[in-house]
Structures are given as structure tokens and as C-alpha cells.
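The values are calculated or read from the model by the stated rules, or taken from the named source; none is laboratory data. Values in this document were obtained by computation on a predicted structure and should not be read as measured data. Cβ atoms come from the backbone with ideal geometry, glycine included; neighbour counts cover every protein chain shown.
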Amino acid sequence: MVKLIIDNISVNYNSIQALKDINIKLEKGTMVSIIGPNGSGKTTLLRSIAKIVKPIKGTIYIDNKNLNNIPLKELAHHVSYTSPTFKEGFDLTVGDIVFMGRYPKTGFIMKHTDEEIVNKALNTFHIKHLINRKIEELSDGERQKALLARSLAQEAEIILVDEPLAHLDLKAQLEVLKILKNEANNGKLVIITSHTIDLPAKYSDIIIVMKKGQILAIGKPNEILTEQIIENTYNIKCKIIKNYEYPIVMLLDTISD
């Protein structure tokens, strides 16, 4: 079942074109990774789906509903968005942050079932012991896990995560991607952005390769992660190793502009 349709959208930031003629169809139960160099439009694409950025043309559909016609309160039932940045200055605990994920469904009146959902999200990311810690006291990695736990607690049908691997050590990166992949296996549409390639290739059903606001390739990791595409996208020399269940990218050198 098609969950998300992006129909020929373009986004401008003043005179700068951030996205150009983007067309995508994605089904529920899919793990999607958007890769590409800095400034390629990865974050803008997620923010467009989350209705934070408004395209200058084109339409986004969720469950065949025009995103422009979905009120923000209703949209929060469908879409969660997690950014790697968090505005400091709020006297909030980890528990406060994760409970925020329940507000779209319950408002400020929490029931026992909401507490169970929040505790499950905290346990999933192994941060239950941090529930009473101030968010500003955490390491960047711990804070990232708290924000991801909030996203799970929201129980949205589409999970958008901008740079989920930011600030995480190697073990935590694997754990987070396994958790997000499990959400996709349970019927959610999970879309992430990443500056790395190997781990998204391992856990993703679909890879979207972007550069300069456009899609260069979209498809299964083994089909589209070729040396030519990686070289054209990142301006680097590489070797693709395909002796495993997913392609491994070995970086060799940069290419002069």
C-alpha cells in the first residue's frame, strides 16, 4: 500500500533552489535512507514531508490526502520528525522530552497506557535510567537517544529522522538502525538521512541518492550503490564490495573538481 506520494515538488530558500522536481512513491513497512553530500536537499525533503517547509510547486500526499489539507494536530498522528539539533534553555528532563511524543494523542492528560508507551520507548533505547536527568546534562549521544525515544512514543505511521546516527558511538549506531528497521518491519514507513553509506545499505529497503536538490538514483541498495553513482554523487573514488548481503563502500581518494 502506497503511504507517501511526493509529486513533482520544488523548494526554494529565497533565491536558492533546495529541491527540484522531486518525485517519490513509498509504501508502508519500508525503511528508506536518503544519502548525499552536504547541501543536497536531504533535510529539506524531510522537512517538506513534515510540513515545516512549504514547496513552491508540487504536492505531497499521505494516505492519498493532500498534505496542505491536513491540520498540524492531525498530521502529528501520521508523521513524527526528529532533528539532531535541540534548542537548549528549557528545564526539561528526559522523561519530559519522551512524554512530549504523547501530546498529539492525549494532550497534557496522561493515562496509564501512555506511561507504558513512554517506558517502552525509554527501554527500547536503553535510557530508562536517565528519565529524571535534565536534557542539558546529557551527552550528545544520550540526548539523541532521548529524541529518538520521543519519536517512538508518538506512534506515528511515518517516522522521519534527520541524521539518526549523529553523535552515536558504533554500537549505538547499530542499535538505533536495528530499532528503526524493526519499526519498518512492523508496518511503519521510516525515512532517515545519513552521511554514511554502509550502515544504511545494510538496514534499508530503499536508498535515495541526492545531489544539488535532485534525485540521482532511487532503488534497492544492491541495485543503485555502484561505483559510478557514488563517484558522481560525492566526487570521490571508491570500490564497491558485494560479497555480502549488502554493498560495502571502500573510499579510495577524492576527485578534483
Only one of ILE215, ILE229 is buried (at least 16 other Cβ atoms within 10 Å of the Cβ), outside any strand (DSSP E or B) and of a type outside the set (Phe, Trp, Tyr), namely ILE229
Considering only the stretch 5-107, give the strands (runs of 3 or more DSSP E) lying wholly within it that have at least 3 residues that are within 23 Å of GLY219 (Cα to Cα) and in contact (Cβ under 8 Å) with a residue 60 or more places away in the chain. 16-27, 30-35
Report the residue count in the stretch 120-141 for those that are in a helix (DSSP H, G or I) and either crowded, with 24+ Cβ neighbours inside 10 Å or without any contact (Cβ under 8 Å) to a residue 40 or more places away in the chain (or both). 10
Residues located in the stretch 241-257, provided they are among the β-branched types (Val, Ile, Thr), under 18 Å from PRO37 (Cα atoms) and free of Cβ contacts under 8 Å to residues at least 40 places away in the same chain: THR254, ILE255
Scanning for something surrounded by fewer than 15 Cβ atoms within 10 Å (Cβ to Cβ) and either aromatic (Phe, Trp, Tyr) or at pLDDT below 90 (or both), does the stretch 92-104 turn up at least one residue? no
Inside the stretch 171-193, the number of residues satisfying the requirement of being part of a helix (DSSP H, G or I) and touching a Pro at 6+ places or on another chain (Cβ under 7 Å) is 2
